[in-house]
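Written below as structure tokens is the structure these notes are about.
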Amino acid sequence: MSAAHNGDSRSIGQLFAAATAEMSALVHDEIALAKAELRQDAKRAAFGSAAIIGALALAVFAVPMLSFAAAYGIQALGLTLGWSFLIVGGAYVAIALLLGAFAYGRFKKVKKPERSITSAKQTAAVLQRAKPHPRELTDGAVPVLRAGATEASRVVPSTDAPVKAKM
């Protein structure tokens, strides 16, 4: 049954206004949900970042200690202290070069988000085509879409339809 038979006597303008208000509320609710999810993820990321910073701080203090221990350990094997430190330093340079090459290879594989860009372009194309188009009414009038116009004031009579004055 149609809306008029169900006891709902709202006009098309009122139905359109209600649909617009509900769509606006839906968009606002979706934005609120996204904000809540991002807030929760931000808290997790903050705690994770704090743990990484703590681990890195401890590693920064541990590296010199382990370096000295390695150099003195190599000296205990019979090399002079200078050569021992040179070997430890060379090992760090070799490790740094290996990590740099690994990082370079990983960064080279990073590409722009093709699927997201394509999806955004498709959405924009659909939204551009979703503009309201004037339609002929039963009496031959064509609705004119202007900002602030009400449903009753949107109809411009055609040249062959008689003009009626509003009261």
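Among residues belonging to region 102-115 that are loosely packed, with under 10 Cβ neighbours inside 10 Å and of a type in the set (A, V, I, L, M, F, W, C), point out the one that is nearest to the chain's Cα centre (by Cα).
Taking the candidates together, the pick is Val110.
When you scan region 58-80, how many residues do you find that are open to solvent by 100 Å² or more (accessible area, probe 1.4 Å) and in a loop (DSSP other than H, G, I, E, B)?
Number of matching residues: 1.
Here's a check for you: in region 1-44, which residue that is open to solvent by less than 90 Å² (accessible area, probe 1.4 Å) and among the hydroxyl-bearing types (Ser, Thr, Tyr) is modelled with the lowest pLDDT?
This residue is Ser2.
Quick check, is Val93 among the β-branched types (Val, Ile, Thr) and assigned to a helix (DSSP H, G or I)?
For Val93, the condition - among the β-branched types (Val, Ile, Thr) and assigned to a helix (DSSP H, G or I) - is met.
Taking Thr159 and the conditions (1) among the hydroxyl-bearing types (Ser, Thr, Tyr); (2) at pLDDT 80 or above; (3) loosely packed, with under 10 Cβ neighbours inside 10 Å, which numbered condition does it fall short on, given that it satisfies the others?
(2)
The values are calculated or read from the model by the stated rules, or taken from the named source; none is laboratory data. Bear in mind the structure is a predicted one, so any value in this text is a computation, not a measurement. All Cβ positions, even for glycine, are placed from backbone atoms using ideal geometry, and neighbour counts span all protein chains on display. Remember, those area values only see protein heavy atoms, side chains included, never the ligands or the DNA or RNA. Shrake-Rupley method; radii C 1.70, N 1.55, O 1.52, S 1.80 Å.
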